[in-house]
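For reference, the structure discussed in these notes is given below.
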Amino acid sequence: MYSHGSTMLYFLVYVDDLLHTGNDQATLTWFQDFLSSRFSLKELGDVNYFLGIEVIPTSTGYILSQHKYMVDVLQRFLMTDAKAVDTPLAASTSLTLQDCSPPTDATRYRQALGALQYLVSTRPDIAYSVNKLSQYMHAPSSSHWQCVKRLLRYVSGTLTCGLSIRRSNAPLRLSAFADSAWVGNLDDRSSTSGYLVYFCSTLISWRSQKQRTVARSIPRHNIVPLPMPPLNCNGCRNFSLSYAILYLLHLPSTPTISAPPTSAPIRSFILA
């Protein structure tokens, strides 16, 4: 981020891909010309695809979607025509490491979970399910694989879902929500924590994680996840496309400073 006087510019660079925007078109043009004089730069126009994530402009901001990626994952695991379900996991499912079901192909299981882990970038609704199923990667069984297939069926029915990042007229504010499932793991009696972090009305960070310690009481397991969101709020400048797009929309250097009144379109470039 560059700030000088009333001029604010935002840059996102990943290897040879570059996004930039700001509230001063003349300065952006100068910056583009400066880069072009030193590198072989190819302008791709307004951003629409970045790191496998489709960026769809709307009247209030952007929608981040991985529709093509989801279709590719379903085709890879032969789940394109599978019957869709309404939830990622069945509410009655109690997964354990030793469930007496026969083992399944561990390589296929890990490949499916690895593909789904990247999908969590724009789909917080599957974060818990992916985290839960990933705990059995070292020794997956047939029942675990059936749960993965159910998750793929859920993805099949929600191909149009994405992450909405939008402007807000409300005061700039970070809000965090945390919860946990007490003794959710039947093998070691550990709990699973989860949190969501919102900037105004936009979800910018989320996580589902198995607790490292075993809580001996309900108050204890409720206390454990509480430090997680504030720590993440302080580290929101770590790279993530959702953070980056939000910065490019209107997030200044600190959450208490007003956003720039106007902004240029987000432009995409590649170093040829």
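Just order 9-15, 84-90 by mean Cβ neighbour count inside 10 Å, highest at the front, would you?
So the order, starting with the most tightly packed, is 9-15, 84-90.
Just to verify a number: FRET efficiency for L97 and L159, C-beta to C-beta distance, R0 = 30 Å, to 0.05?
On the way: r = 32 Å, r/R0 = 1.07.
For R0 = 30 Å, the calculated efficiency reads 0.40.
Between R110 and V71, 0.36 nm times their residue separation minus their Cα-Cα distance comes to what?
12.2 nm
Can you check what the net charge comes to around Y128, using other residues whose Cβ is under 14 Å from the Cβ of Y128 (Lys, Arg +1; Asp, Glu -1)?
Once all neighbours under 14 Å are counted, the net charge is +3.
Within a 10 angstrom radius of the beta carbon, how do D46, D24, D81 rank from fewest other beta carbons to most?
Arranged by neighbour count, lowest to highest, D46, D24, D81 become D81, D46, D24.
Please state the charge dipole magnitude for the range 67-156, taken about the Cα centre, from unit charges on C-beta atoms (+1 on K and R, -1 on D and E), reported in debye and rounded to the nearest 20.
120
Once you list every other residue whose beta carbon is under 13 Å from the beta carbon of T104, what net charge do they have if Lys and Arg are +1 and Asp and Glu are -1?
So the environment of T104 carries a net charge of +1.
Test of understanding: ordering K83, K132 by Cβ neighbours within 10 Å, fewest first, what list do you get? Show your work: numbers first, answer last.
Working: K83 8, K132 22.
If I rank by nearby Cβ atoms, fewest first, I get K83, K132.
Give the cross-link partners of K210 among the lysines, using a straight C-alpha distance below 20 Å as the criterion and excluding same-chain residues fewer than 8 apart.
Within the straight-line limit of under 20 Å, K210 reaches these lysines: K132.
Give me H67, H20, H138 ranked fewest to most by other Cβ atoms within 10 Å of their Cβ, as a rough exposure proxy.
Working: H67 15, H20 21, H138 9.
So the residues, fewest neighbours to most, are H138, H67, H20.
Please list 3J(HN,Hα) in residue order for the range 17-22, calculated via the Karplus relation 6.51 cos²θ - 1.76 cosθ + 1.60 where θ = phi - 60°; whole Hz, with x for glycine and proline.
9, 9, 10, 8, 7, x
Where a number appears in this text, it was derived from the coordinates with a stated rule and is not lab data. These numbers come from a predicted model, not from an experiment. Cβ sites come from the backbone with ideal geometry, for glycine too, and all protein chains shown count toward neighbours.
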